[in-house]
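The values are calculated or read from the model by the stated rules, or taken from the named source; none is laboratory data. Just so you know, these numbers come straight off a predicted model, no measurement behind them. Cβ coordinates were reconstructed from backbone atoms using ideal geometry, including for glycine residues, and neighbour counts include every protein chain displayed. Each accessible area value is taken on the protein alone, full model and side chains, heavy atoms only, with ligands, DNA and RNA left out. Shrake-Rupley method; radii C 1.70, N 1.55, O 1.52, S 1.80 Å.
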Amino acid sequence: MLTADIRSAFLNFFARNDHRVLASSPVVPRGDASLLFANAGMVQFKNVFTGLEVPTFPRVTTAQKCIRAGGKHNDLDQVGFTARHHTFFEMLGNFSFGDYFKEEAIEYAWTFLTAELGIPRSKLLVTIHSSDEDAGRLWRKIAGDITIIPISSSDNFWSMGETGPCGPCSEIFYDHGDDVPGGMPGTADENGDRYVEIWNIVFMQLEKKSDGEMIKLSRQSIDTGMGLERIAAVMQGVCDNYDTDILKKIIESMAAGDGSRDDAQKHSRRAIADHVRAISFLIADGVLPSNEGRGYVLRRILRRALRHGNLMGLTEPFLFKLCDVVVDLMGDAYQELRKAQATIGSVVRLEEEKFLDTLDRGLKMLQQELEQLPSGGLLMGDVAFKLYDTYGFPLDLTQDVLKTHGIGVDLAGFDAALQDQRRRAKWAGSGTSTEGDLWRILRAKLGPTEFCGYETMSCFSQIVAIVQNGEEVQALSSGRAQLLVEKTPFYAESGGQCGDAGEIKTANGLFAVADTKKYGDALIVHEGELLVGSIGVSDLGELAIDRQRRRKIMANHSATHLLQAALKQVLGNHVAQRGSRLDDRGLRFDFSHGSAVTAEDLQKIENLVNSWIIDGLTMQLRVLDRNEAINSGATALFGEKYGDLVRTVRFYNPGSEEEISFELCGGTHVSNSSEIGLFKILFETSIGSGIRRIEAISGIGILHHVIGLEKLLRQSSEPVKCSPEELPAKILSISDELKKKKQELAVWKQRVAMSALHIVEKADLILQYALLEAYSPDDLRGLKDNMSILDRSICIFVSEDHAVGKIHVIVIVGKDLQKQHPASSLLKGAMEIIGGKGGGNAVCAQCSGGNNLQQATDVLEAILRQIS
C-alpha cells in the first residue's frame, strides 16, 4: 500500500466517521513564538485546547507536515544513521474537542488498523499509563486479549507545558517479528527495531495549574498522532522507513544521478533523501536560509545534505534537482510545493553554489593550518568549529583529514564554540502557552470580540474588561492598560498590516489607543494610556479610529497589492510574497527573486503601479470558499493558515474588466486605486538567499519625502558653495581631488616607512623592522603590496595609530622562511600583549588591538625575540 494511499485511507476513514478533514498547517506555527517548527499534529489546535479559540468543528482529522530539527525537538545528527529518525515527517491525527473521548478514540484506532488496513491483531500491542485503569478496561473490551503494558513513566503522560491541558496516553506498537532485534516497551531492549510505536492517543482530561495541582477538565478532548512513514513501513513489509516508497524513490533518483550505489554511501544517500523533503517544505512555507532562528536551521540542513553529497563525490549542484523529485512525489497532497517549486529550486541552487565555493575555501583553509602545525600538534578548537559551521566540515571529517598528518583537535575549544552556536540557534520560546492563563480565562468568559472596522471607523460599545500590569482590574484611574470591548472598529495587527490607533471616550474618561493586537483568533485588545479621568468595566465607550492614519494605512496596503502584481508582470510569475509590513509611514514587501532587480526594472515596476493608480481601478471585496478562491487564481501567502471561508481583495479596470490583482487578504483597503495618490520605491535590497526587499511610500508620504530631499540638498550644497543643481559635478570634482591626494599620501608614507626600516643581516635570514606612527591597517597592507620581500627576509611594521588609539601590526615572511617562521605564528606574541584580533597565514599576518600606545615597543620586541 503506497504512502499516498495510506494518507487518503486515514483521512477518508475519519471523514466517514463525521470528522472534518482540515489541511495541514504550515511547518512554521503562525502567531506562536513558543515553537520553532510544527512538530506534531496538535500544534495548529493549540489555542483550541488551551481555550483561546473556539473550535469550528467538534471533531477533525489532518495529515500534518512536521519538522524536528532545532530547539527542543532536534533529530538532525541522527538522521541517515537510524531506521526512523527524520527532520521531516508526516503525522496523521484525529482530534476531538469536547466531543468523543476514550472509548471512541480507542475504537477508531483499532478499527482503522485491523479492519481498514488489515493488520493482524496478533502483531499489535499497547501501552497505557499505570494509573489509567479506564484505558486498560476499554482496550480489553474493544480488542479482546491484546497485550497491554502499564507504563509508569512520563512516556505515557503528555502535557502541553509547565501548565495547561494534559493527560495519560496510550501507545499502539507493531511487532516486526523475532528476526528483528529489540525488546517490548518498558524493557531494557525497548530501543531496538522489533517493536515500533505507530500510534499515540492522548486522553486530554486534566489541567495542570501553576502550583502543580491537577484538576479535571470540563471539556475532555482527544489528541492522536500516527507517523505516516512508520505505518507505511508496516504496510509495505519493511522495518526501515527509508525503504518506503517515497524515500526510496528519492534515494533511487539520486543514485541514478551520481552513478553510484555503493553501500558505503548508504548513510549519505538516506540523509540527503530526508533533508531534501525538509528543505522543500520549509522554503514552501516561507523559511529562507539565514544566520539565525528558523533560517539558520534550514541552512544547517542544507549544508549537511550538501556535505553528504560531497562525500559521495558530487562536485556540481544536485540538490535543487532532487527538490523537483519531492514536488513530483508529494505535490498532489501538498499543493504549496507546486506553487513554490520555482522559488524552492532557485533558493536551493543559490545555496549550493555558495556552499561549493565555501567548501573549496574551507579545504584551502585547512591546508594552510596544516602547513603551520608540527606533527603531534593540535588544531585550535575555534578553527575546527569554523570549518564545521562555515564550511560544512563535521568534526569527524576534520579529524580524519588531520589524522593522516599526526595532528589532533582541541576538543574543549570546539565544544565551547559549538555551545555558543547552539545558543544562537536556540528558539526563545519555552513550549508553554503563548498568552498564558489570563487571556484563556478572558476568552472563555467574554467570547470573541466583534470587528466592525470594515464598515465604519467609529462605534459605541461597552467595555468588558481592563488589564493592567498583567492583571484584570475593574477600573482604571491612571497609566497604561489594555481594554477589551464587545465590538470595535479598530483593526488588530495581522497579515503585515499594523494595528489601528485612536481613542476611546467614556462619560468619565479618555483613553488613547496606541496599538491594537489580537490574542488567539478572537480577542481584540486595545493597548494604550488613560489621558483624562477614569474608566471602568461596563462603561459605554465611543471608539474612534485615527481616520487620517487609517487612510494612509489603507493606501499603503492597496499599493502593496499593486506592487506584487507589477513585480509578477515585470520579473515573472516566479515572484511570490515572502512577507510584508505596512503602516501609515510606508510599506515593506519581501519577495522571491534570484538576483538584484535592475534600476531599469525598478522604474518599470514603479511606473506600472502609478499607471494603475491613475487609471482608478475599482476594489472589490468578496468572501469565498478557500478552494474556490485559489482555483479562481487568487494569490495566497506561502505558509499562511486560512479558514474554509476567505476574504478576497480584487482590483480591476472598470472599463475593460481587466483584472490587475486578486489576493486573499483580511486587511483594510481603499475603494479605488486613485485614493493611493502616488507610489514611490525608495530602495531594493537582498535580505536572504533568493529573497529581495522593496521599501516604498505612497500618497502624502511622497511629498514629505521630497521636502526632506530638498532640505538635504540645500544643506549639502552650502558647505561647498554651489547650487543644488551643481552638486553632482562638485562631488565628482572633490572626489577626484581626494583620490589624487590619497595617492600622493600613500607614496609619501611608503617612503617614510622604507626610510625608517632597521635592517639586520643574520647568517640565515635578513630581518627588517620599523616602528611607525599614524599608519592604519590599510596603510600597512599598502606597504606590503608595494615592497619586494626577499626569499630569506622577514619584515615587521608596528604602528601607533593615535586616531583610533590602537596598535596595528603586520608581519611578512619570505618564501624560504615560511615553514620555519610562519607569519601567523610570529604574530601570536603580539596578540597576547595587546589582546587584539587578527589572523593570516604563513606568508602574511596582521592584527590590531590594545589601548596603550606605549606597548608598541613591547610588541615589536616580542616578535623579534621569537626570531632570535
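Scan the stretch 160-185 residue by residue and report those that are within 31 Å of the chain's Cα centre (by Cα) and open to solvent by 30 Å² or more (accessible area, probe 1.4 Å).
Step one: list which residues in the stretch 160-185 are within 31 Å of the chain's Cα centre (by Cα), which gives 160-166.
The answer is Glu162, Thr163.
Checking Arg194 against (1) closer than 22 Å to Met330 by Cβ; (2) charged (D, E, K, R); (3) modelled with pLDDT of 90 or more, which single condition isn't satisfied?
Going through the list (1) closer than 22 Å to Met330 by Cβ; (2) charged (D, E, K, R); (3) modelled with pLDDT of 90 or more, Arg194 breaks only (1).
If you scan the stretch 41-71, which residues turn out to be closer than 23 Å to Arg270 by Cα and either in contact with a His (Cβ under 9 Å, 6 or more places away or on another chain) or at pLDDT below 85 (or both)?
Cys66, Ile67, Arg68, Ala69, Gly70, Gly71
Looking for something under 26 Å from Met380 (Cα atoms), modelled with pLDDT under 90 and in contact with a Ser or Thr (Cβ under 8 Å, 6 or more places away or on another chain) - is there at least one such residue anywhere in the stretch 860-867?
Yes; the residues of the stretch 860-867 include at least one that is under 26 Å from Met380 (Cα atoms), modelled with pLDDT under 90 and in contact with a Ser or Thr (Cβ under 8 Å, 6 or more places away or on another chain).
List the strands (runs of 3 or more DSSP E) that sit entirely inside the stretch 638-712 and contain at least 1 residues that are open to solvent by 70 Å² or more (accessible area, probe 1.4 Å) and either touching a residue at least 40 places away in the same chain (Cβ under 8 Å) or of a type in the set (D, E, K, R) (or both).
Working: elements: 645-652, 659-664, 679-688, 691-698.
By residue number, 659-664, 679-688.
Could you list, in sequence order, all residues of the stretch 1-31 that are within 23 Å of Leu438 (Cβ to Cβ) and buried (at least 17 other Cβ atoms within 10 Å of the Cβ)? Lay out the reasoning, then the answer.
The initial filter retains those residues of the stretch 1-31 that are within 23 Å of Leu438 (Cβ to Cβ), namely 29-31.
Correct list: Pro29 only.
Could you list, in sequence order, the residues of the stretch 193-244 that are in a loop (DSSP other than H, G, I, E, B) and open to solvent by 20 Å² or more (accessible area, probe 1.4 Å)? Working first, answer last.
At the first step, the residues of the stretch 193-244 found to be in a loop (DSSP other than H, G, I, E, B) are 193-194, 209-213, 236-240, 244.
Matches in the stretch 193-244: Asp193, Arg194, Lys209, Ser210, Asp211, Gly212, Glu213, Gln236, Gly237, Val238, Cys239, Asp240.
I'd like the full set of residues that are in contact with a Pro (Cβ under 7 Å, 6 or more places away or on another chain) and open to solvent by 10 Å² or more (accessible area, probe 1.4 Å), limited to the stretch 122-131. Can you show your working first?
If we filter the stretch 122-131 for residues that are in contact with a Pro (Cβ under 7 Å, 6 or more places away or on another chain), which is where we start, we get 127-131.
Those that are in contact with a Pro (Cβ under 7 Å, 6 or more places away or on another chain) and open to solvent by 10 Å² or more (accessible area, probe 1.4 Å): Ile128, His129, Ser130, Ser131.
Is it the case that Ser735 is exposed (fewer than 11 other Cβ atoms within 10 Å of the Cβ), under 30 Å from Asp858 (Cβ atoms) and either free of Cβ contacts under 8 Å to residues at least 24 places away in the same chain or hydrophobic (A, V, I, L, M, F, W, C) (or both)? Spell out the reasoning first.
Working: exposed (fewer than 11 other Cβ atoms within 10 Å of the Cβ): yes; under 30 Å from Asp858 (Cβ atoms): no; either free of Cβ contacts under 8 Å to residues at least 24 places away in the same chain or hydrophobic (A, V, I, L, M, F, W, C) (or both): yes.
No; evaluated as a whole, the condition is false for this residue.
Kindly list the number of the only condition in (1) surrounded by fewer than 15 Cβ atoms within 10 Å (Cβ to Cβ); (2) farther than 13 Å from Pro185 by Cα that fails for Ile119.
All conditions pass for Ile119, except number (1).
Restricting to the stretch 800-840, what's the tally of residues that are at pLDDT 90 or above, part of a helix (DSSP H, G or I) and surrounded by fewer than 20 Cβ atoms within 10 Å (Cβ to Cβ)?
Residues meeting the conditions: 2.
Output the helices (runs of 4 or more DSSP H) that fall wholly within the stretch 312-421 and possess 3 or more residues being at pLDDT 80 or above, of a type in the set (Phe, Trp, Tyr) and in contact with a Leu (Cβ under 7 Å, 6 or more places away or on another chain), or say none.
Working: elements: 319-330, 335-339, 341-372, 381-389, 395-403.
It comes to none.
Output the qualifying pairs, or none if there are none: Cβ atoms under 7 angstrom, residues six or more apart or on different chains, first residue in the stretch 284-301 and closer than 19 Å to Phe320 by Cβ and assigned to a helix (DSSP H, G or I), second residue of a type in the set (Val, Ile, Thr) and modelled with pLDDT of 85 or more.
Matching pairs, first to second residue: Ala284/Ile344; Gly295/Val287; Leu298/Ile279; Leu298/Val287; Ile301/Thr87; Ile301/Ile279.
Filter the stretch 843-856 for residues that are farther than 11 Å from Val809 by Cβ, open to solvent by less than 60 Å² (accessible area, probe 1.4 Å) and part of a helix (DSSP H, G or I) and give the result.
Residue satisfying the conditions is Leu853 alone.
Which of the residues belonging to the stretch 496-508 are out of contact with any helix residue (DSSP H, G or I) (no Cβ under 7 Å at 6 or more places or on another chain), open to solvent by less than 60 Å² (accessible area, probe 1.4 Å) and of a type in the set (Gly, Ala, Ser)?
Once the filter is applied, which keeps residues that are out of contact with any helix residue (DSSP H, G or I) (no Cβ under 7 Å at 6 or more places or on another chain), open to solvent by less than 60 Å² (accessible area, probe 1.4 Å) and of a type in the set (Gly, Ala, Ser), the stretch 496-508 yields Gly496, Gly499, Gly502.
So that you can scan it fast, the table gives a plain yes or no per residue for (1) surrounded by fewer than 19 Cβ atoms within 10 Å (Cβ to Cβ); (2) farther than 23 Å from Lys339 by Cβ; (3) under 27 Å from the mean Cα position of the chain (by Cα); (4) in contact (Cβ under 8 Å) with a residue 40 or more places away in the chain:
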site: Glu529; (1), (2), (3), (4): yes, yes, no, yes
site: Asp539; (1), (2), (3), (4): no, yes, no, yes
site: Met554; (1), (2), (3), (4): no, yes, no, yes
site: His561; (1), (2), (3), (4): no, no, yes, yes
site: Val575; (1), (2), (3), (4): no, no, yes, no
site: Asp583; (1), (2), (3), (4): yes, yes, yes, yes
site: Gly586; (1), (2), (3), (4): no, yes, yes, yes
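Could you list all residues from the stretch 755-799 that are without any contact (Cβ under 8 Å) to a residue 40 or more places away in the chain, open to solvent by less than 70 Å² (accessible area, probe 1.4 Å), over 18 Å from Pro822 (Cβ atoms) and not charged (D, E, K, R)?
Across the stretch 755-799, the qualifying residues are Ala756, Leu757, Val760, Ala770, Leu772, Ala774, Tyr775, Ser776, Gly782, Leu783, Met787.
One line per residue, one yes/no per condition, for (1) in contact with a strand residue (DSSP E or B) (Cβ under 7 Å, 6 or more places away or on another chain); (2) touching a residue at least 60 places away in the same chain (Cβ under 8 Å):
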residue	(1), (2)
Phe203	yes, yes
Lys208	yes, no
Met214	yes, no
Thr224	yes, yes
Arg230	yes, yes
Val234	yes, yes
Gly237	no, no
Asn241	no, yes
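Collect the residues in the stretch 434-477 that are open to solvent by less than 30 Å² (accessible area, probe 1.4 Å) and at pLDDT below 75, keeping them in residue-number order.
Gly436
Exactly one condition in (1) touching a Gly at 6+ places or on another chain (Cβ under 8 Å); (2) part of a helix (DSSP H, G or I); (3) surrounded by 15 or more Cβ atoms within 10 Å (Cβ to Cβ) is false for Ala629; which is it?
So the condition that Ala629 fails would be (1).
Within the stretch 716-732, track down each residue that is in a helix (DSSP H, G or I) and open to solvent by 100 Å² or more (accessible area, probe 1.4 Å). Outline the logic, then answer.
Keep residues of the stretch 716-732 that are in a helix (DSSP H, G or I), which gives 716-720, 724-732.
Selection gives Glu718, Glu725, Glu726, Leu732.
Restricting attention to the stretch 594-619, which residues are surrounded by fewer than 18 Cβ atoms within 10 Å (Cβ to Cβ), among the hydrophobic types (A, V, I, L, M, F, W, C) and either touching an Asp or Glu at 6+ places or on another chain (Cβ under 7 Å) or farther than 27 Å from Pro654 by Cα (or both)?
Scanning the stretch 594-619 gives Ala596, Ala599, Leu602.
Please note which strands (runs of 3 or more DSSP E) are completely contained in the stretch 114-159 and include at least 1 residues that are at negative phi and over 41 Å from the mean Cα position of the chain (by Cα). Show your work before the answer.
Working: elements: 124-129, 147-151, 157-159.
Strands (runs of 3 or more DSSP E) meeting the threshold: 147-151.
Just wondering, is there one or more residues in the stretch 163-171 that are assigned to a loop (DSSP other than H, G, I, E, B) and touching a Pro at 6+ places or on another chain (Cβ under 8 Å)?
Taking the stretch 163-171 first, the residues assigned to a loop (DSSP other than H, G, I, E, B) are 163.
Narrowing the set further to residues that are touching a Pro at 6+ places or on another chain (Cβ under 8 Å) leaves none.
The answer is no; no qualifying residue exists.
Name every residue in the stretch 478-494 that is surrounded by fewer than 18 Cβ atoms within 10 Å (Cβ to Cβ) and touching a Cys at 6+ places or on another chain (Cβ under 7 Å), in order of residue number. Even if it seems obvious, please write down each step before you answer.
Quick first cut of the stretch 478-494, residues surrounded by fewer than 18 Cβ atoms within 10 Å (Cβ to Cβ) only: 478-480, 486-487, 493-494.
Once the filter is applied, which keeps residues that are surrounded by fewer than 18 Cβ atoms within 10 Å (Cβ to Cβ) and touching a Cys at 6+ places or on another chain (Cβ under 7 Å), the stretch 478-494 yields only Lys487.
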